[in-house]
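To start, the structure itself, in structure tokens.
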Amino acid sequence: MVFAIGVVLFALGIGASIALHEAGHMWTAKALGMKVRRYYIGFGPKIFSFRRGETEYGLKAIPAGGFCDIAGMTAVDELAPDEVDRAMYKQKAWKRIVVMSGGIAMNFVLGFVLIVVLAVGWGLPKSDTSAVVEKTACVSATQAGADGGYALSECTGDGPAAAAGIRAGDVITAVNGQETSTFSDVVKATQPLSGTAEFTVDRDGQTLVLPVQIEQAERYVNNPESTDADPKPPILREVGAVGIQAAPGIVKYSVLGALPASVEYTGHLFGQTVHALTQLPSKVADLWTAVTGGERDLDTPISVVGASVIGGQVAEQGLWEVFVGLLASLNFFLGVFNLLPLLPLDGGHIAVTIYEKIRNSIRRMRGLAAGGPVDYMKLMPITYVVVVIGGAYMLLTLTADIVNPIKLFP
């Protein structure tokens, strides 16, 4: 039941994202004096509609998109007499760019709001990856765990780090002169050591060098013979340890504190989104492998159906923070994808507008009158190619999600 609820909720979240994208176009067009004829959510047969002012609002049967019909989006658009002066293609370039960017901006704003919700409700990964000490402890021995892995035994008293004066909140910047930018660096630098080592720490802006007596303890470490082609399980080794624990990787924020943290995390997501977008062409082979019965990689693209199923899976596990994060990532992807300078995407219309602006500026410099609007009919062959390739990619992704869906949990 929870799985089904998660699927429905995620699908509704996608629908809301698309609705707000189109609303971004509508609101900016109305604010700049253009006529919005229709605003619909979904495609296919009409379920209902109503008119308010000069705009018809409605819902259609297939909740897989939506559209905002602005009078005169291109010069080939037929116009009623009262629409001629308000036609979009006749407006100043900056107005047209604002309207075409309105939907993209709404996706980015919605994604950011979801990140803020995530930061306040569940927390965000630490942006500061420095080696911050959460607490000091004694050095435990390794013992077999109940799940077949390993666990650390109970111990009492101070460990070497505490005895040397290292405190919670200290940032370890070097071990024996070797710089440590992350907590993992501290572990790697400490494990080969024995005897006494110098730990350089930053404490409230003050640099201290503390001698720490290294204690030997058994730990599972990476097998040196392991490779990507031939992975091997970790092995038990006696290594150096000092009894420190890293600060938590997830930090919860207040509403005000969440804003700067969310801005930084959003920048991180943008980088990931752009990288994922550049990888789309290379994923065709992986999708085809999944469709033809091969293993489905977790990083292969997903359709609306696949995203909703994953939403159901994480909801079933009670991982609502992952649910919110996925929906935020989806909005960033929709925004970045629509920035591509390809028709019929928003970015394609923006590119045409910028071209007209640059062309007319050059013509004015040469003493010529401004040129006419770009003939979209001449661009139709390129548009059809984009639509066909994009449609085929979506169909391949949808097929993979149906016959071989991504399963996050066993």
| request: For region 17-28, state whether one or more residues are in contact with a Phe, Trp or Tyr (Cβ under 7 Å, 6 or more places away or on another chain) and either in a helix (DSSP H, G or I) or among the β-branched types (Val, Ile, Thr) (or both). | output: yes
| request: Residues being under 23 Å from residue 340 (Cα atoms) and crowded, with 22+ Cβ neighbours inside 10 Å: count how many of those fall in region 90-138. | output: 10
| Does region 55-85 hold any residues that are open to solvent by less than 70 Å² (accessible area, probe 1.4 Å) and part of a loop (DSSP other than H, G, I, E, B), and which are they? | 71, 72, 73, 74, 75, 77, 79, 80, 84
| With respect to the numbered conditions (1) open to solvent by 50 Å² or more (accessible area, probe 1.4 Å); (2) touching a residue at least 24 places away in the same chain (Cβ under 8 Å), which one is the sole condition not fulfilled by residue 46? | (2)
| task | Hey, can you tell me all the residues within region 179-212 that are closer than 16 Å to residue 241 by Cα and open to solvent by 50 Å² or more (accessible area, probe 1.4 Å)? | result | 184, 187, 188, 191, 192, 194, 196, 198, 211
| query | Which condition number does residue 238 fail, the rest of (1) under 27 Å from the mean Cα position of the chain (by Cα); (2) at pLDDT 75 or above; (3) open to solvent by 80 Å² or more (accessible area, probe 1.4 Å); (4) not small (Gly, Ala, Ser) being met? | reply | (1)
| task | Starting from region 281-306, take each residue that is charged (D, E, K, R) and list its partners that are modelled with pLDDT of 85 or more, counting only C-beta distances under 6 angstrom and pairs at least six apart or across chains. | result | 283/300; 283/301; 286/300; 296/290; 296/404; 296/406; 297/286
| task | Please state which one of 251, 221 is open to solvent by less than 80 Å² (accessible area, probe 1.4 Å) and within 31 Å of the chain's Cα centre (by Cα). | result | 251
| query | Within region 292-304, restricting attention to residues that are crowded, with 17+ Cβ neighbours inside 10 Å and hydrophobic (A, V, I, L, M, F, W, C), which residue is nearest to residue 269 (Cα to Cα)? | reply | 302
| message | Any residue in region 107-132 that is part of a helix (DSSP H, G or I) sitting within a Cβ distance under 7 Å of a residue that is β-branched (Val, Ile, Thr) and modelled with pLDDT of 85 or more? List the pairs, counting only those 6 or more apart or interchain. | response | 112/266; 114/324; 115/266; 117/324; 118/324; 120/255
| message | Quick check on region 16-43: of everything there that is open to solvent by less than 40 Å² (accessible area, probe 1.4 Å) and of a type in the set (D, E, K, R), which residue is nearest to residue 98 (Cα to Cα)? | response | 22
| Any hit, region 157-171, residues being in a strand (DSSP E or B), modelled with pLDDT under 90 and within 30 Å of residue 262 (Cβ to Cβ) | yes
| remark: Counting only residues that are open to solvent by less than 80 Å² (accessible area, probe 1.4 Å) and closer than 12 Å to residue 303 by Cα, region 393-410 contains a total of 9
| remark: Residues of region 356-379 being of a type outside the set (Lys, Arg), assigned to a helix (DSSP H, G or I) and surrounded by 13 or more Cβ atoms within 10 Å (Cβ to Cβ), in sequence order, are 356, 360, 376, 379
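Each row is one residue, and each column tells you yes or no for (1) under 17 Å from the mean Cα position of the chain (by Cα); (2) crowded, with 21+ Cβ neighbours inside 10 Å.
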site	(1), (2)
270	yes, no
277	yes, no
284	no, no
306	yes, no
314	yes, yes
321	yes, no
330	yes, yes
334	yes, yes
337	yes, no
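The values are calculated or read from the model by the stated rules, or taken from the named source; none is laboratory data. None of the values given here were measured: they were computed from a predicted structure. Don't worry about glycine lacking a Cβ; one is built from the backbone with ideal geometry, like all the others, and counts go over all protein chains shown. Note: accessible area is taken over every heavy atom of the protein model, side chains too, but ligands, DNA and RNA are not part of it. Shrake-Rupley method; radii C 1.70, N 1.55, O 1.52, S 1.80 Å.
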